[in-house]
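Below is one structure, written out as structure tokens; the observations come after it.
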Amino acid sequence: MKIALLVIASLVALLVVVVAVGFSLPVKHRVARQVNLRSSPDSVFDAITKPLEFPAWRSKVTSVEIVTSPTGALSYRELGSDGPILFEVDESVRASRLVTRIADKSLPFGGTWTFELSPAPGGTTLRITEDGEVYNPLFRVVSRFVMGHHATIETYLSDLGKRFGMAGRITPT
């Protein structure tokens, strides 16, 4: 009986410490990664702006639904291993810049991704900057220390690299 109580007390203490660490971490973060792709800025831009085609090349996306947005902007819901996530396009400049935002306020996280494309020898340099927010303190700990804020961007860029070919590695910026 004493051992069971000790185990339960230890687990509760650990949870309290994890929550305390979560509350001490900032809600907002910024992380950026870039990669050189062996394709033109136009081709890369087409790939990242056609959500219905995402399941063909994104490893964590199984389907996409186009959603009517009250603002008239392109909105879509990705379904996959991260669950359903609603996105809205805030800005789109052909073959140069794209800004998407998580539009679902019920999630424990949110923020924007800014895609910047520039011509490079043999293809395109694509830089993605995440201005993210993690609202739940437990998820904040997992996002920061277990998964890493950069994990989703790196998976995305790796998937694009498989589609177009990478000239080099994914690098922090």
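The values are calculated or read from the model by the stated rules, or taken from the named source; none is laboratory data. Note that the structure is a prediction, hence the values are computed from the model and not measured. Here the Cβ positions follow ideal geometry from the backbone for every residue, glycine too, while neighbour counts run over all protein chains shown. Just the protein is used for accessible areas: all its heavy atoms, side chains included, with ligands, DNA and RNA removed. Shrake-Rupley method; radii C 1.70, N 1.55, O 1.52, S 1.80 Å.
Quick notes on this structure:
- Some residue of region 128-147 being surrounded by fewer than 18 Cβ atoms within 10 Å (Cβ to Cβ), modelled with pLDDT under 90 and not in a helix (DSSP H, G or I): no
- Residue pairs whose Cβ atoms lie under 7 Å apart, sitting 6 or more positions apart in sequence or on different chains, and linking a residue in region 111-136 that is without any contact (Cβ under 8 Å) to a residue 24 or more places away in the chain to a partner that is basic (Lys, Arg), are Thr112/Arg101; Glu116/Arg97; Glu116/Arg127.
- Residues located in region 78-110, provided they are touching a residue at least 24 places away in the same chain (Cβ under 8 Å) and touching an Asp or Glu at 6+ places or on another chain (Cβ under 6 Å): Ala95, Ala103, Gly110
- Just one of the listed residues (Ala20, Ala32, Ala95) is assigned to a loop (DSSP other than H, G, I, E, B) and either surrounded by fewer than 14 Cβ atoms within 10 Å (Cβ to Cβ) or at pLDDT 95 or above (or both), namely Ala95.
- Residue match in region 162-172 (condition: open to solvent by 40 Å² or more (accessible area, probe 1.4 Å), assigned to a strand (DSSP E or B) and of a type in the set (A, V, I, L, M, F, W, C)): yes
- Residue within region 70-81 that is closer than 20 Å to Trp57 by Cα, part of a strand (DSSP E or B) and among the aromatic types (Phe, Trp, Tyr) present: yes
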